[in-house]
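Asks: Below are the structure tokens for one structure; questions will follow.
The values are calculated or read from the model by the stated rules, or taken from the named source; none is laboratory data. Everything quoted here is computed from the prediction, not taken from an experiment. Virtual Cβ from ideal backbone geometry, glycine too; neighbours counted across all protein chains shown. The accessibility values were calculated without ligands, DNA or RNA, using every heavy atom of the protein model including side chains. Shrake-Rupley method; radii C 1.70, N 1.55, O 1.52, S 1.80 Å.
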Amino acid sequence: MSAPGRTRLLVGVIGLLLIIAVTVSAGRWQLARADEKRALVARVELGRTLPPLVLLPALPAADMTEWRHARARGKWLPDFTVLVENRNHQGQPGFWVVSPLQFDPPTASGGSAGASSSASPGSGEVVAVLRGWTPRALGAMPGVAPVVVRSPSGVQDIQGELIAQVPRLLELSSLSGAAPASLASRFGAADGPPRLQNFDVATYAAATGLKVLPMVLQQTGEADDGLIRDWAPPPNNIDTHLGYAMQWFSFAAIAVIALGVLLVRRFRSPRR
């Protein structure tokens, strides 16, 4: 085989090997994503089969299972409300509203098994509540029109589901949200509650100085606050990932066949 022929053969082999490596990797990634979705579905099913939980200060972490139905009784701390930006509802831009609910002093009949009896009702312990969605004012530029959030006064009985974190969007500037010091300085501003790309419990606790439970209560049901609680269900598109995996593995199989044909032709051809 001439030098140009050997070069073409080498380029073809290397190209097909790269295609095989990339497509197999993509297929394996899709299978991993399917496994993640299976694990998520299992967590959702487990959490929703557990009896409802009454949230209280110093509740053991073992009791706070993700997707478990829960309720909390307490008062809103509206001064520490934050808005999670770029959340749409039926094509309309808006915000998710997160507010802390300070626990009401527990009564003898309202306690929860496993909760610490030494918890102090006035200790500032709260649960961060993902309350609902509110629209952005039509025609308003971000940061211009204040957003007014109604927080009913008095003791509230809030029901919902526990989630590990508020669903996130890709944030190029910082994967952990606003820095605590930056967030703390924005509470009480004239343009309304602080606006965040993503909500992080640890960052929020550091900025507010509140003792925040490690999980978020995603509120459900009706409330006199004007917010919309039309939450998307947890993703369970396992079959979609399996289908993509099969496509990638099919491309890899085609590349393997092409590589085999190329090599067979090379070694069967008469030497020149």
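Asks: Ranked by accessible surface with a 1.4 Å probe, highest first, in what order do Thr81, Thr7 come?
Replies: Thr7, Thr81
Asks: Roughly how many nanometres apart are two label points built 7 Å out from the Cα toward the Cβ at Arg266 and Val148?
Replies: 7.5
Asks: Still on this structure, I have one more. Given the C-alpha centroids of the range 49-107 and the range 199-214, what is the distance between them in whole angstrom?
Replies: Here the two parts' Cα centres lie 13 Å apart.
Asks: Enter the accessible area per residue of the range 1-71 (Å², integer; probe 1.4 Å; all protein chains in place).
Replies: 59
Asks: On average, how much accessible surface per residue is there in the range 218-272, in Å², for a 1.4 Å probe, leaving out ligands, DNA and RNA?
Replies: Solvent-accessible surface per residue comes out at 74 Å².
Asks: All other residues with a Cβ under 14 Å from the Cβ of Ile163 taken together, and with Lys, Arg as +1 and Asp, Glu as -1, what is their net charge?
Replies: +3
Asks: A further question on this structure: Sum up the charges of everything whose Cβ sits under 13 Å from the Cβ of Met215, counting Lys and Arg as +1 and Asp and Glu as -1, but leave Met215 out.
Replies: Surrounding charge for Met215 is -2.
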